[in-house]
Amino acid sequence: MKCCICKKEITPEPNGWDGGHNPDPYPHEDGEACCTRCNFSVVLPLRMTQIKSENVSRIADVLKDK
Ligand SMILES: [Zn+2]
């Protein structure tokens, strides 16, 4: 299986798992996966950003009500 981000072959984990990682929220087709390197360098930072922006809009909503 190839990584849907860098298009390189996904190398098996030390535990034998070679299915890669869930690339959400990176845009991808069903069944695609990303490699460990992209998971840490692209996907996790994206998730952090999403969580942060959700918090920002939630905080903004709270402030609007007051
Ligand atoms: Zn990759």
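Below, the figures for the structure above:
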item: Positive-pole candidate from 41, 56, 10, dipole of the chain, charges at beta carbon; result: 56
item: Share of Cα-Cα pairs in the chain lying beyond 17 Å, as whole percent; result: 49 percent
item: Contour minus Cα-Cα distance for residue 57 and residue 13 (0.36 nm per residue); result: 12.1 nm
item: From phi via Karplus (6.51, -1.76, 1.60), per-residue ³J(HN,Hα) for the range 37-54 in Hz, x at Gly/Pro; result: 4, 5, 4, 7, 8, 10, 6, 4, x, 4, 4, 4, 5, 4, 4, 4, 5, 4
item: Whichever aspartates and glutamates have a C-alpha closer than 16 Å to that of residue 52, once near sequence neighbours (fewer than 8 apart) are set aside; result: 24, 61
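Each reported figure results from applying straightforward, stated rules to the coordinates on display, with no laboratory input. These numbers were taken from a predicted model, which means no experiment stands behind them. Please note: Cβ atoms are built from the backbone with ideal geometry, for glycine as well, and neighbour counts cover all protein chains shown.
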